[in-house]
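The values are calculated or read from the model by the stated rules, or taken from the named source; none is laboratory data. Because the structure is predicted, anything quoted here is derived from the model rather than measured. Quick reminder, even Gly has a Cβ in these numbers, built from the backbone with ideal geometry, and neighbours come from all protein chains shown.
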């Protein structure tokens, strides 16, 4: 039995014992029923550790059962990234802990980072992560070594925000030339030139840079940042895992593509969106959700002070077609997030409260405290109705080594979101096997 089949078997056993339907579980996981069904059949694998964790809790799994499920997912994910290569693993693997990785050249293999639940965590709620850290420590001191062995076997992924500080703000992860990449980043995307006419076709978020190249996964690790040279600003003591293809409720999103409906394949699941969008040379239509998981790399804590929005270029939206990934889906959760209006002269990251089944989720707020044991997730929802925008985020931080700015973008290239005014909108008709208006 393969690693993916073993993971799917454990999911089915937990689901059957809990007596929950696919629809009920999908709502609790904030994903679509078809996606969950594919997980349980072994046809797809969750791209995030957080999905596995939520599934185990929703099914009432014991601590030992949750560890078995987490271990099976880690093995299946490592096998997916490593292909047919053998992955040596000790007999017992506790819950993995994100650890710094050795510096290496970026590769094009997709990698999925083990992260906690994707919701922003202010200082007052840091106890949740401390409790999880205590469970991990109790599981055994070999977790870090096992996680490094598995990720090293799979290889690091490509693309990372560059560690270049902006003037007067210290070192961050930006697009400055001559700097090295920090530990984690999202996928790369070529930015179009700033002009007033329709833009040249550009690989979407998630592309590896050249047309037709294998697209990267939403989250990828890369080499650790280099030590600061004397007289230079300090290197950001943070790891940032960036996901730029996040769909509402795991199923609702739209892309712009210049291709006709007859040449566009069926919509993918969310985990496969970067590859699908890269192949169609598509860009985010109307809205884009970006999730950034951050944690410290040293012994001390890092304080996140503010999030600033940078719009590098505004162009006329391209006259392309809109392709809806799902025609009607949703869940009971609206995560708290930072909302960004890209059409504003000076866009701001505005905190917005969320909702979970009628219970209000507090709006995210700065300052936030993060460390190696206490990560935080920032969710940014950008929208535009009038421009084809290139944009990025600057996260200001203060730590034991000083202060600076961490650039959040597409591995050195800006994020790209375009309005789609009056454009043809297509949805996929499953019964007909084609795109239809």
In the stretch 324-368, residues that are touching a helix residue (DSSP H, G or I) at 6+ places or on another chain (Cβ under 8 Å), under 24 Å from residue 302 (Cβ atoms) and crowded, with 16+ Cβ neighbours inside 10 Å total 1
Residues of the stretch 15-34 classified as surrounded by 15 or more Cβ atoms within 10 Å (Cβ to Cβ), touching a helix residue (DSSP H, G or I) at 6+ places or on another chain (Cβ under 7 Å) and in a helix (DSSP H, G or I), total = 7
Only one of (1) free of Cβ contacts under 8 Å to residues at least 24 places away in the same chain; (2) more than 26 Å from residue 243 (Cα to Cα) does not apply to residue 51, and that is (2)
Inside the stretch 394-413, can you point out the residues that are surrounded by fewer than 24 Cβ atoms within 10 Å (Cβ to Cβ) and touching a strand residue (DSSP E or B) at 6+ places or on another chain (Cβ under 7 Å)?
-> 394, 396, 398, 399, 403
Could you tell me whether any residue of the stretch 192-210 is modelled with pLDDT of 50 or more, surrounded by 19 or more Cβ atoms within 10 Å (Cβ to Cβ) and touching a strand residue (DSSP E or B) at 6+ places or on another chain (Cβ under 9 Å)?
-> no
Determine which member of the set 273, 277, 241 is within 27 Å of residue 35 (Cα to Cα) and in a strand (DSSP E or B).
-> 241
